[in-house]
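Right, one structure below, let's go through it.
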Amino acid sequence: MKRNIFFILICFVLLANLAICQEKDVDFSKAYIAQNDGKTTVEINEAQELIYIIFAITDFGKENPNMTKQNTAYFEEVKAHFTPFSNLPIVKKFDQQLRANLTNYFLLAANVYGFKFKNDQLVPTNIYIFPARGVGNYQVKSNPIPTYKNDLEEFARKSGYRTFYKEHQGYYDSLRTAYQEYASIAEQKEWLEKKFDYTINSYRVLTSPLIAGMNATHTFKYKGFKEILLFLPTLREDESWSPKFKKAFNTRIIFTEIDHNYVGPLSEKNKKQIDTIFNNRDLWVDIENKSTVHYPSPVKVFDEYLTWGLFILYCYDKFGDDHDLFGQIVENVNDMMVNKKGFPKADEFNAELFRLYKDNNPKDIQSLYKPLLDWCEKEN
């Protein structure tokens, strides 16, 4: 039976478990830190692409275009090349895992990032050891990849996966280049770090042409080094878009993932007031919209409002002089939040956030929390 899968952002619940788990999430060596400090890296990782390809040829994946991006020539190539191998054990096992709980999509794709190919074998990188322990209340006790290691190697070997991956390097390179040209990650990082007085040492975008609407993000901290992993789709385009709107639209996709890692710590400091206000869920969330189940707590609801609202502030600073473009951006954000994501007060929330920002010219976002939350409290 076909299921509806909605566009969602997942923040992995990881570091809270460190105190009770002996196995480390990551192990950043001095050499790794030196190599990646201050850098933004875009990858289409070989081990991860194997996982996404297997997802794509499961029955579950074929039924759900919001999980696997199906309207591309690349997907047709994947389907033609790999469908003859869809009866191999790993395809059936992954289909079962996806049907059991969609969170397994993230856990399998994230945890395989801790492995790389050495000839026909998947071997640990010893950098990302157990990066995804769970999402929300759904947790796993151990990295699931070793359980499927032999089956994954069998699929890769029999299907000729590594050759397929190498033959598509030119295409993958073009997707990475598009990120560098249109994503403006360095500009986003500079703005966020200035507005939040919070530094993340390394950004690592892990993308795939097969990712549709399933996004995830998490910051890992080890030995004082912070690296953010962003699991994102490739950039989107439309022939009707101007180059400026294409850049703005794709910036929004990335920005509203990245800024969760900056907003989260500040919201925790204001959790008591946020809980009191946004516990009135019927006012702030359209409970008929099924995608809102991914924001079950008051803090998660507030953070989703704020992370999207901040994108408007970012665009005001970057594109404010282009009134037509800025108007398009605001309209797009509000339409997404109200009509697609189920946050009915986004228009009003964003208007008040923008007013506070424009009138007060604050040096940081922290100074906006109190007046913004006071306004939210009056709305209750």
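The values are calculated or read from the model by the stated rules, or taken from the named source; none is laboratory data. Worth saying up front: this structure is predicted, and the values here are computed from it rather than measured. We place every Cβ from the backbone using ideal geometry, glycine too, and count neighbours over all the protein chains shown. These accessible areas exclude ligands, DNA and RNA; they are computed on the full protein's heavy atoms, side chains included. Shrake-Rupley method; radii C 1.70, N 1.55, O 1.52, S 1.80 Å.
Structure notes:
- Over 32 Å between alpha carbons, listed pairs LYS79/LYS345; LYS318/LYS340; LYS189/LYS300; LYS223/LYS269; LYS92/LYS345: LYS79/LYS345; LYS92/LYS345
- Pairwise FRET efficiency - TYR171 versus PHE117, Cβ, R0 = 25 Å, nearest 0.05: 0.85
- Rounded to the nearest whole Hz, the Karplus-based 3J(HN,Hα) values (6.51 cos²θ - 1.76 cosθ + 1.60, θ = phi - 60°) of region 53-69 follow the sequence 5, 5, 3, 5, 9, 6, 4, 4, x, 5, 7, 10, x, 7, 9, 10, 6, with x at glycine and proline.
- Calculated FRET efficiency, ASN101 to ASP321, Cβ-Cβ distance, R0 = 51 Å: about 0.60 to the nearest 0.05.
- Under the simplified labelling scheme, the GLU154-GLU193 pair shows an inter-label distance of 4.7 nm, with each label point 7 Å from Cα along Cα→Cβ.
- Amide H contacts under 5 Å for ILE211, placed H, 5+ residues apart: LYS69, THR234
- Within the accessible area of region 279-380 (1.4 Å probe), percent carbon and sulfur: 46 percent
- Computed over protein heavy atoms with a 1.4 Å probe, the accessible surface of the chain works out to 45 Å² per residue.
- Degrees, to the nearest 10: 185-196 long Cα axis against longest axis of the chain: 40 degrees
- Interchain or long-range residues, amide H under 5 Å from LEU122's placed H: none
- Projected label distance in nm at GLU237 and LYS271, using a 7 Å step from Cα toward the beta-carbon: 4.4 nm
- Where a label projected 7 Å from the Cα of ASN71 along Cα→Cβ would reach, residues of region 221-256 with amide N under 15 Å: 234-241
- Working ranking of peptides 48-55, 310-317, 368-375 by packing, defined as the average number of other Cβ atoms within 10 Å per residue, highest first, is 48-55, 310-317, 368-375.
- Backbone N atoms of region 357-380 closer than 19 Å to the 7 Å Cα→Cβ label point of ASN280 belong to residues 369-380.
- DSSP-defined antiparallel bridges as percent of all bridges, the chain, nearest 5: 50 percent
- Compared with the dominant Cα axis of the chain, that is its longest principal axis, helix 73-82 is turned about 30°.
- A quarter of the convex hull surface defined by the alpha-carbon atoms of the chain gives 18.9 nm² as the mean projection.
- Three-way shape call for region 38-78 based on the alpha-carbon gyration tensor, with the a/c threshold at 1.5: prolate
- Efficiency of FRET from Cβ geometry, ALA31 and ASN360, R₀ 51 Å, rounded to 0.05: 0.70
- Angle of helix 89-100 to the longest C-alpha principal axis of the chain, folded into 0 to 90 degrees and rounded to 10: 30°.
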